[in-house]
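Presented below is the structure to which this report refers.
The values are calculated or read from the model by the stated rules, or taken from the named source; none is laboratory data. These figures come from a predicted structure and were not determined experimentally. Counting neighbours? That spans all protein chains shown, and the Cβs are built from the backbone with ideal geometry, glycine included. Accessible surface is based on the protein model in full, side chains and every heavy atom, while ligands, DNA and RNA are left aside. Shrake-Rupley method; radii C 1.70, N 1.55, O 1.52, S 1.80 Å.
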Amino acid sequence: MNRLSATIVVLALALGCTPREPVPLLQSGHLRGGNVLLVTIDTLRRDRLGAYGNGRGLTPTLDRLASSGVRYTHAYSHAPMTLPAHTSILTGRTPRTHGVHANGSFRLDEGIPTLATVLKRSGYRTGAFVGAFVLDARFGLSRGFDEYDDRYPHETDAATFRVTDRRAAEVVKAAGDWILRPDTGSDPPASPSPPSLARDPASSGGPVRPASAKATAVRRSFSEGGSAEGAKAGGPWFAWVHLFDPHTPYDAPAAYRAGRSPYDAEVAYTDAMLGQLLDRLGAAHALDHTVIIATADHGESLGDHGETTHGLFAYDSTLAVPLIVSGATVGRGIVDVPVAHDDLLPTILELVGVAAPANLDGQSVVRPPAADRALYFEALEANLTRAWAPLTGVVAGDWKYIDLPLPEIYDLRTDPGEERNIVERENVRRDTLQRALARLVASGRGVAAPAGVDDDVAARLRALGYTAASQAPPRQTYGAADDPKRLVALNERFNWALEAFNAGRPAEALSGFLALVRERPDFITARTSAATVLMTGNRAADAIALLRDRPASQAAAPEILAKLGAALRGAGDLKGAATALERSRAAGNQNPEIFNDLGVAYAQLGRVGEARAMFHELLGRDPNAAGTWNNLGLVELSAHQLDAAAD
Ligand SMILES: [Zn+2]
C-alpha cells in the first residue's frame, strides 16, 4: 500500500467509514463557481511551518489552514526563483514550456493561458496583489487580472537604492478591500436566500450559505444574463495574494523580532498578516464558498549547502515548498505523493468546475497522481548570468537527480538533508532518471536567450539582491570547474558585494567585484557590476579599461558591449559609444535601453536619419513612451534647424 492510500484509509477510519470506501479529500467540481484565494508566500521554507513539524509556533494561521484542509508533504517548485516559480503556479507549466527562466529578463508569452485568463473568461472577477517588483506587470503575469496591484514605491532618490517591495500589511489590506468591495457593500443582505453561486447546485453538495451582498450581486448578474460587466461587478472572485516579506532583507516589524532569528521573525509576521486577512474575510462570510491554496514560490537556504539565499541550488531547502489546500467541502488529510506547482492550475480549475487549457505539464491532483511521476526542476540563473553549468533535474518518488557536471542523486526518504550523494552506487537509477529528465526537457521548447534588461529593471532587481540575466552566449560544454557546487563561495561573495553596493558602500562593493573578476575573468556580471560602481563614482575611464580587459571569448558579449557604450558616452566619446552600442545590438541585444542610447548618441553626432530610425523603432514597441516622443521631437527640431541653416 503506498503512503497516500494509507493516509486515506486512516482518515476514512477516523470518519467511521469502512476502509473500502475511502473518502476523497478533494472532489471534482465540489466548489463549482466558488471563489479562489491563492496565497503565495515568497521565500518561505517548508520546515518553518508548525504543520510541517516546526515547534516554534511561527505559523498559527497556516497551521490552522492545514488542520482544516489537505497538506501536501512533498510539494515542489520547478525553480527556486520568484518569477519562474510564480509563472508555473499561474500557467500549469514548467519553465521548459512557459519559457520564463529567470527574473527580470523574461516575459511570459502572450499566447499562454493563465489561471487569471481562464477564470476571467468564466465570469470571475480577478485581482492580484503582489508584494515586489520581481512580479511587476511588465513581466507578463498581469494578463487576465481586472486588478493587478503592484503598487510598491516606484521612485526613490538614487537609482541604486530603490525600494521595490512592500510589507504584507499593505498587500493584505489592498486584497481584503478588493475582495470585499466596500463599494458594493459587504454586509449580509436583509433577507438572504440561497444564491446561485453554484451554477449547478445539485452537484455542489447542497445549498450554499449566502456569503454577503456579493452573493446577491452574483445571483443578480447571472439571472440577468451574466453580462461581462455584471460578472465583473459581483461574480465569484479569484484573488492572488503575494507576500514578499520572508525574502531578504529580513527586517520584520519590531513586535515580531523578540527571541527569533531575523528570518523567522519575517515568517511569523507574514503569517500574522495572512491571519488578519483571513479573519477579516471570514467575518464577512467571504470565505464560505472559497477554496484557499497556500504555498511558497521557493524556500531559502539559510546556509544549507553553503548557500545563504536561493537560486543557485535546487536542494529541498529551496525547492520543496509548503502546500495547503483548504476551504468549504475540502476534506482533511495529508498527501505524501510528490506534487508540483504546475499541478495547481488544473487542480484549482477542476475544483471550481472550469475546463483547463490543453497541453499542460501539470495534472489535476484531485485524483492522486502516480507516486513515481518525474517532476522537472531547474536553477538556471547562474548559467544565464555567469555562464556556469546549467542545473536541471527531476524528483521521482523518493529520489532526486541533479544533472550537473558533477551529478547528484539523493534518497530523500533516508537522507532528507541531501547530504549523501549516492550517484556512484546508483548507476542504473541514474540512467533511468536521466532519461526521464531528457524526456521532460525534449517536450519543452528550449531555453531562449533572455530579452535583455533595461537599466531601471536592473537597478530594481539589484535592490532585491538579484542580477538580471545577461546575454552571454551559452557555452556548449561545461566541466567540473563550472559546477555551481564548486562556485558557491564565489556566488556568496558576489551577493555580498551586491548587498554592499545597495547599502551604500561602493568601495567595498567594488573591491569585491574586482576580486571576483581577477579570479574568474569570464564572470560577466561581476565585471559589468564593477563597471557600474565605477560609473556611479564618475570613473568612466576606469570602467572603460575594465570592460575592454574582458577575455577574448567575451569580446562580443552584448552585455559588456552595452555597458562599454554607456561608459564611453559618459566619458564623452560619442563615436566610440555608438560603435559599441551598434555591436551590442548586432550581437542580439534587443534591450530598449540600447535603442534609446543609440538614438541619443546618433542625435548628438548629427546623424539625424539614424537617430530618427531608433526612436521610431522604440515607438513601434511602446507608442506611449513620453521620453521617446520627446527625444524624437528634439531630433526633428534639430533636423529642421539644419535644413533652415542650409537654406
Ligand atoms: Zn521568490
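Keeping all protein chains in place, calculate the accessible area per residue for region 391-442 (probe 1.4 angstrom), answer in Å².
50
Given the peptides 341-349, 303-311, arrange them by the average over their residues of other C-beta atoms within 10 Å, most packed first.
Descending packing order for the listed peptides: 341-349, 303-311.
Tell me the per residue accessible area of region 455-605 using a 1.4 Å probe; a whole number in Å² is fine.
For region 455-605, the per-residue accessible area is 40 Å².
Could you order peptides 432-445, 362-375 by the average number of other Cβ atoms within 10 Å of their residues, highest first?
The peptides rank, most packed first, as 362-375, 432-445.
At 37 °C and 0.692 mPa s, grab the translational diffusion coefficient of region 293-408 from Stokes-Einstein with a Kirkwood Rh over Cα pairs, rounded to a whole number in µm² per second.
Approximately 207 µm²/s, per Stokes-Einstein.
List the aspartates and glutamates whose alpha-carbon lies under 15 Å from that of Lys563, not counting same-chain residues fewer than 8 positions away?
Asp454, Asp455, Asp456, Asp542, Asp549, Asp573, Glu582, Glu593, Asp597
Looking at region 391-442, I'd like the Rg to Rh ratio, where Rg is from alpha-carbon atoms and Rh is Kirkwood's inverse mean 1/r.
Ratio of gyration radius to Kirkwood radius: 0.93.
Give me the mean projected area, in nm² to one decimal, of the convex hull enclosing the Cα positions of region 31-109.
Hull-based average projected area comes out at 6.7 nm².
Say each of Arg445 and Ala481 gets a label point 7 Å from the Cα, pointing the same way as Cα to Cβ; how far apart are those two points in nm?
3.6
When the Kirkwood hydrodynamic radius is evaluated over all pairs of different C-alpha atoms of region 455-605, what value in angstrom, to one decimal, is obtained?
15.8
What's the FRET efficiency of Arg367 with Arg121 using the Cβ-Cβ distance as r and R₀ = 30 Å, to the nearest 0.05?
Once rounded, the FRET efficiency stands at 0.75.
If you project the alpha carbons of region 233-292 onto the principal axes, what extent comes out on each, in Å, largest first?
42, 21, 17
Using a 7 Å offset from the Cα along the Cα-to-Cβ direction at both Ser553 and His640, what is the distance between the two label points in nm, to one decimal?
Placing both labels 7 Å along Cα→Cβ, they lie 5.4 nm apart.
Highest mean first, what order results for 517-523, 293-299, 496-502 on Cβ atoms within 10 Å?
Those peptides, ordered most packed to least, come out 293-299, 496-502, 517-523.
Give the accessible area for Arg429 in Å² (nearest 10); use a 1.4 Å probe, count only protein heavy atoms, and leave out ligands, DNA and RNA.
80
Can you tell me which aspartates and glutamates have their Cα less than 17 Å from the Cα of Lys120? Leave out same-chain residues fewer than eight positions away.
The qualifying aspartates and glutamates are Glu110, Asp146, Glu147, Asp149, Glu229, Glu350.
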